[in-house]
Amino acid sequence: MSNQTMDIAELISSRRTIHVFEPDKIPDKRIIKEAIATACWAPNHHLTEPWHFFMLGKETVADVCQLNKEMLIETKGIEKAEHKYKRWMEIPGWIVVTCQKSDDEVRYQEDYAACCCAIQNLMLILWQQGIGTKWSTGPVTFDERFYELVWINQELENIVGLIWYGYPADIPQTVRKPLQQVFTELP
């Protein structure tokens with residue numbers, strides 16, 4: 001699947017969150033790195049470029065999956081923890097995106113929004129290449145042990161998202177609210 005001939009409106013409206021990936025079909029790292037480089041052209045106030053992208057290798061992914069499993073055993077039980085562990089271990093690609101912290105709350109909000117724009121850019125660029133994504137912010141991403149596993153200094157950066165990527169095994173169908181429910185024109 002490649003969407004390289006789509007215009008931007010088609011690309012945006014066709015992109016879906018992918019929950020199931022082809023486990024043995026791994027996108028070329030060069031494609032991912034090029035997509036990240038382009039994603040960094042997201043708008044950002046005062047050109048702060050507050051984002052950082054961490055591509056996780058197999059060892060780090062295994063450690064993250066183990067941490068999540070341990071956390072889930074405590075809250076959901078061993079069976080659900082094992083199921084999620086196996087599913088996560090099959091996800092082909094993992095990227096963590098962070099935002100630089102700031103003592104200025106307004107600047108941090110602007111920087112966080114810029115990081116979200118960069119993530120959206122990344123997901124659209126990958127979708128154009130036939131690569132699906134899922135942006136996750138589950139409990140494991142808030143745990144300080146996760147920060148340690150992915151070598152992120154929690155005093156300097158916050159995690160904005162964990163982006164899973166790979167070739168879709170299934171593309172979900174979805175609908176959006178009609179324009180009149182989300183748009184108001186004021187006099």
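Being closer than 22 Å to residue 17 by Cβ, modelled with pLDDT of 95 or more and out of contact with any Leu (no Cβ under 7 Å at 6 or more places or on another chain) narrows it down to one residue among 66, 120, 109; which is it?
On the way: 66 fails: closer than 22 Å to residue 17 by Cβ; 109 fails: closer than 22 Å to residue 17 by Cβ.
The unique qualifying residue is 120.
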Go through (1) part of a helix (DSSP H, G or I); (2) within 18 Å of residue 8 (Cβ to Cβ) for residue 110 and report which single condition fails.
(2)
Report the residue count in segment 58-110 for those that are within 17 Å of the chain's Cα centre (by Cα) and among the aliphatic types (A, V, I, L, M).
7
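Residues checked against (1) at pLDDT below 95; (2) of a type in the set (A, V, I, L, M, F, W, C); (3) at positive phi:
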{"residue": "138", "(1), (2), (3)": "yes, no, no"}
{"residue": "145", "(1), (2), (3)": "no, no, no"}
{"residue": "151", "(1), (2), (3)": "no, yes, yes"}
{"residue": "157", "(1), (2), (3)": "no, no, no"}
{"residue": "160", "(1), (2), (3)": "no, yes, no"}
{"residue": "167", "(1), (2), (3)": "no, no, no"}
Listed by range, helices (runs of 4 or more DSSP H) wholly within segment 1-102 having at least 2 residues that are in contact (Cβ under 8 Å) with a residue 40 or more places away in the chain, of a type outside the set (Gly, Ala, Ser) and crowded, with 18+ Cβ neighbours inside 10 Å are 29-39, 58-76
Pull up segment 103-113, narrow it to residues that are acidic (Asp, Glu) and more than 12 Å from residue 48 (Cα to Cα), then point me to the one that is surrounded by the fewest Cβ atoms within 10 Å (Cβ to Cβ).
103
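Condition check ((1) under 23 Å from residue 68 (Cβ atoms); (2) surrounded by 11 or more Cβ atoms within 10 Å (Cβ to Cβ); (3) of a type in the set (Ser, Thr, Tyr)) across all residues:
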residue: 117; (1), (2), (3): no, yes, no
residue: 122; (1), (2), (3): yes, yes, no
residue: 132; (1), (2), (3): yes, yes, no
residue: 136; (1), (2), (3): yes, yes, yes
residue: 140; (1), (2), (3): yes, yes, no
residue: 153; (1), (2), (3): yes, no, no
residue: 159; (1), (2), (3): yes, yes, no
residue: 173; (1), (2), (3): no, no, no
residue: 185; (1), (2), (3): no, no, no
Restricting the search to segment 142-171, which residues are free of Cβ contacts under 8 Å to residues at least 40 places away in the same chain and under 23 Å from residue 117 (Cα atoms)?
142, 147, 153, 154
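The values are calculated or read from the model by the stated rules, or taken from the named source; none is laboratory data. Just so it is clear, the structure is predicted and the values come from calculations on it, not from any experiment. As a convention, Cβ positions derive from the backbone with ideal geometry for all residues, glycine included, and neighbour counts pool all protein chains shown.
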